[in-house]
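First the structure, in the form of structure tokens, and then the observations on it.
Where a number appears in this text, it was derived from the coordinates with a stated rule and is not lab data. Because the structure is predicted, anything quoted here is derived from the model rather than measured. Here the Cβ positions follow ideal geometry from the backbone for every residue, glycine too, while neighbour counts run over all protein chains shown.
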């Protein structure tokens, strides 16, 4: 799986980047159809915007969350993307 990180107007520590990579690896355990993951983190005034785009074999899922704290934005976007992938897996299994 290819992992891309884009940071706009924000700097993160190596520990935070490692934490994000671990969360992406956990997503790979959830679905073996993940081809590419694009993680965008930007700062807009006083808010942090985290966006995660996952390319699956036949679909692209995306989640975007905003928060005043960087950790909350990151955690929320991963919760939402897990839900999106689970929904997609449920639809595929029904067919």
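FRET efficiency for residue 42 and residue 89, Cβ-Cβ distance as r, R0 = 35 Å, nearest 0.05? Efficiency, from the Cβ-Cβ distance: 0.75. Compared with the alpha-carbon gap, the fully stretched path from residue 32 to residue 58 is longer by 8.1 nm at 0.36 nm per residue.
Helix 70-94 and the longest principal axis of the C-alpha atoms of the chain enclose an angle of approximately 10°.
Tell me which label goes with the value of Cα extents along the principal axes in Å computed from the coordinates here: (1) 45, 21, 16; (2) 36, 30, 18; (3) 59, 35, 27. Answer label, from the structure shown: (1).
For the chain, averaging the sequence separation of C-alpha pairs within contact (under 8 Å, six or more residues apart) and dividing by the residue count gives a relative contact order of 24 percent. Angle of helix 14-30 to the longest C-alpha principal axis of the chain, folded into 0 to 90 degrees and rounded to 10: 10°.
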